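Heads up, the thing below is written out as structure tokens.
Coordinate-derived values only; no laboratory data. Please read these numbers as outputs of a predicted model, since none were measured by experiment. No Cβ is skipped: glycine too gets one built from the backbone with ideal geometry, and neighbour counts run over all protein chains shown.
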Amino acid sequence: MTRFSYQVSLIPSNENLPSEAGNLFTADDNHGAVVSMYIRTRWESDHQLVIEYPKNTRVFSKRNQLAGVSISYQTPP
């Protein structure tokens, strides 16, 4: 059985969503270790994005900067 993965991409508003992994963040629920899987994004400013995801998430990739935007990550306790 293939589980879902969660992707976050930063792309210009006039571009189509690419059919590839997210260019900022890629993760899954760690084989069910995360009961309620979610990804939340929040703009702190025009050039600062926060991505929040649950504790125990299995993270495959995460970038700290892209196209002049700084990305930070949070996991609640």
> In nanometres, what is the gap between the two model label sites at N16 and R58, each 7 Å from Cα along Cα-to-Cβ?
Replying inline: 3.1
>> Let's see if you can work this out: charge +1 on each Lys and Arg Cβ, -1 on each Asp and Glu Cβ, no other charges. What is the dipole magnitude of the chain about its Cα centre, in debye to the nearest 20?
In response: 260
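With a/c under 1.5 counting as rounded, go ahead and sort the chain into rounded, prolate or oblate using the C-alpha gyration tensor (a ≥ b ≥ c being the square roots of the eigenvalues; past the cut-off, prolate if a/b is larger than b/c, else oblate). Don't jump to the answer; show the numbers that get you there.
Values: a/c = 2.43, a/b = 1.38, b/c = 1.76.
Oblate shape, in that a/c is at least 1.5 and b/c is the bigger or equal ratio.
When only C-alpha pairs under 8 Å and at least 6 residues apart count, what is the relative contact order of the chain, in percent?
Relative contact order for the chain comes out at 28 percent.
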